Ligand SMILES: NC(=O)c1ccc[n+]([C@@H]2O[C@H](COP(=O)([O-])OP(=O)(O)OC[C@H]3O[C@@H](n4cnc5c(N)ncnc54)[C@H](OP(=O)(O)O)[C@@H]3O)[C@@H](O)[C@H]2O)c1
C-alpha cells in the first residue's frame, strides 16, 4: 500500500527554507506515530531536516546526484526506483514529500493522509493540487492546539 502524508496550511503551504513553516507538537507527533512502522520515501531536502529521526526508521531518499550518500537512508534516483526498493522491504510505504515527489505520487498513491492547519504561515514550498485525485474522505478528526485548529483527514480515490 502507498500512502501520501502531508500537512499544509490554509494556502497549501508546506515548507519554508528546508523546514516546516510551523512548530506544532501535535502535527509532528502525528507524523512520527503514523509513519512509525513503514518505509518513508522523501526528497533530499526533507531528509536533511529529518536525519536524526531516520536512524531508527526505514527511509529511502531521492536524489539525482549519483555520488551522494545518506548515512541513515537508502538512496534512489527516481520515485519508481524508490518504490521498487520499498517493495523488497515489504512495509506500508509513506510518501513524505517534498513538492515534486508529491506531484508524481498523487496519481499512484492509495491514500492521502492530509493534515489541514487552519492558519496562514509564510514559506516557499506548496503542496500541488490533490483534489482531483482524492475525492473520498474516509476519516476526519479535528483538534484545537495552542497555535491553530488541526484537521487530520484520510482520503482515498
Ligand atoms: N508540511 C509537510 O508535511 C511537509 C512534507 C514534506 C516536506 N515539507 C517541507 O518542504 C520542503 C522540502 O521540499 P522540497 O520540495 O523543497 O524538497 P525535497 O523534495 O525534499 O528535495 C528536493 C530534492 O530531492 C531530489 N528529488 C526530488 N524529486 C526527485 C525525483 N523525482 N527523482 C530524483 N530525485 C528527486 C532532488 O535532489 P538532488 O538535487 O540531490 O538531485 C531535489 O533537489 C522543506 O521545507 C520541508 O520542511 C513539508
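Each reported figure results from applying straightforward, stated rules to the coordinates on display, with no laboratory input. As the structure is a prediction and not an experimental result, all values here were calculated from the model. Cβ sites come from the backbone with ideal geometry, for glycine too, and all protein chains shown count toward neighbours.
Suppose only helical runs count, i.e. DSSP H with n ≥ 4. What mean residue ellipticity at 222 nm does that imply for the chain under -39500 (n - 2.57) per run, divided by all residues and rounded to the nearest 500 deg cm²/dmol? Please list the in-between numbers first.
Details: 4 runs with 39 residues, N = 157.
So the helix-based figure for the chain works out to -7000 deg cm²/dmol.
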Would you list 115, 61, 156, 135 from fewest to most Cβ contacts within 10 Å? 135, 156, 115, 61
Rounded to the nearest Å, what's the spacing between the alpha carbon centres of segment 1-45 and segment 83-97? Just the number, please. 16
How would segment 64-109 be classified by its alpha-carbon gyration tensor: rounded, prolate or oblate, with rounded meaning a/c under 1.5 and the a/b versus b/c comparison settling the rest? oblate
Percentage of interatomic Cα-Cα distances in segment 24-97 larger than 22 Å: 16
Binning at 5 Å from 0, report for segment 112-157 what percent of all alpha-carbon pair distances ends up in each bin. 5, 18, 24, 24, 19, 9, 1
Based on the mean of other Cβ atoms within 10 Å per residue, sort peptides 136-146, 35-45, 69-79 so the most packed one is first. 35-45, 69-79, 136-146
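How long are the three semi-axes of the equivalent ellipsoid of segment 83-148, in whole Å, if each is the root of 5 times an eigenvalue of the C-alpha gyration tensor, listed from largest down?
In descending order the semi-axes read 25, 16, 13 Å.
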Could you bin all the Cα-Cα distances of the chain into 10 Å bins starting at 0 and give me the percent of pairs in each, rounded to whole numbers? 11, 42, 38, 9, 0
Taking Cα pairs under 8 Å and at least six residues apart, what relative contact order does the chain come out at, in percent? 33
